Amino acid sequence: LHKILIPALRGLSRIEGSRYPAANYIAGESRTIFQESIHKALEAKCGEQGILVHSVLVIGLAQELAKYLVVRYTIYLSPEFDEPMEGIIYMTAAGIGFATAENARTLQGQGGSVFLTAGAANAVVTTLAHACFAVVLGLAIGWAKFSSRTGWRRSLLLLAGLLGAVALNGQFAVS
């Protein structure tokens, strides 16, 4: 991260940022151009290292963040969430639910032209994988909720759990 991504982003931000007035960026006119150029630069820089930015930063982050938000703004606030182990249980349930929806969408998109064995195998593997990714974040949620540490340390714990789940998800998306 510190050897590859940070120097590439700093250099690109300085070059690209100096090309556009701040008012255009804030209004959104040059923001999409800037974001696309960052994405292309990251792919070029990380492609040299064998890292697929899209699978990790886009797909993995979006999927794991969706699962986290479901748990965080529903059961996390409930008095039923009363011990750290429940973070794993509820996040795993969210992961399985997410995988079920993803499998249904994938199979519907095939238009009825998928072999039953391939579809079933894909559904099982995807469901188990998303449940495993969710366990990492669920452990962090459980620890963070019942930790006696300060707020920013709990936030770092949640961030570490999210990044761990995103990394696993990104590796799964690549394979």
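The values are calculated or read from the model by the stated rules, or taken from the named source; none is laboratory data. Since the structure is predicted, the reported quantities are computational estimates derived from the model, not experimental observations. Please note: Cβ atoms are built from the backbone with ideal geometry, for glycine as well, and neighbour counts cover all protein chains shown. All accessible areas refer to the heavy atoms of the entire protein, side chains included, with ligands and DNA or RNA removed. Shrake-Rupley method; radii C 1.70, N 1.55, O 1.52, S 1.80 Å.
Quick notes on this one:
- When the stretch 148-169 is filtered for residues that are farther than 18 Å from residue 91 by Cα and either touching a His at 6+ places or on another chain (Cβ under 9 Å) or assigned to a loop (DSSP other than H, G, I, E, B) (or both), the ones remaining, listed by number, are 148, 149, 150.
- Count of the stretch 68-84 residues which are in contact with a helix residue (DSSP H, G or I) (Cβ under 8 Å, 6 or more places away or on another chain) and surrounded by 12 or more Cβ atoms within 10 Å (Cβ to Cβ): 8
Residues are listed down the side, and each one gets a yes or a no for (1) at pLDDT 90 or above; (2) over 24 Å from residue 159 (Cβ atoms):
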site	(1), (2)
84	yes, no
95	yes, no
99	yes, no
109	no, yes
113	no, yes
122	no, yes
126	yes, yes
134	yes, no
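Residue by residue, here is whether (1) buried (at least 20 other Cβ atoms within 10 Å of the Cβ); (2) in contact (Cβ under 8 Å) with a residue 24 or more places away in the chain holds:
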position: 130; (1), (2): yes, yes
position: 133; (1), (2): yes, yes
position: 143; (1), (2): no, yes
position: 147; (1), (2): no, no
position: 152; (1), (2): no, no
position: 157; (1), (2): no, no
position: 163; (1), (2): no, no
position: 166; (1), (2): yes, yes
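- Residue 83, sole failed condition from (1) over 17 Å from residue 62 (Cβ atoms); (2) in contact (Cβ under 8 Å) with a residue 60 or more places away in the chain; (3) under 15 Å from the mean Cα position of the chain (by Cα): (3)
- Extreme residue, least open to solvent (accessible area, probe 1.4 Å), among residues of the stretch 88-110 that are assigned to a helix (DSSP H, G or I) and over 19 Å from residue 128 (Cβ atoms): 109
- Candidate set from the stretch 36-82 (those that are among the polar types (S, T, N, Q) and either touching a Lys or Arg at 6+ places or on another chain (Cβ under 6 Å) or under 22 Å from residue 167 (Cβ atoms) (or both)); member that is modelled with the lowest pLDDT: 49
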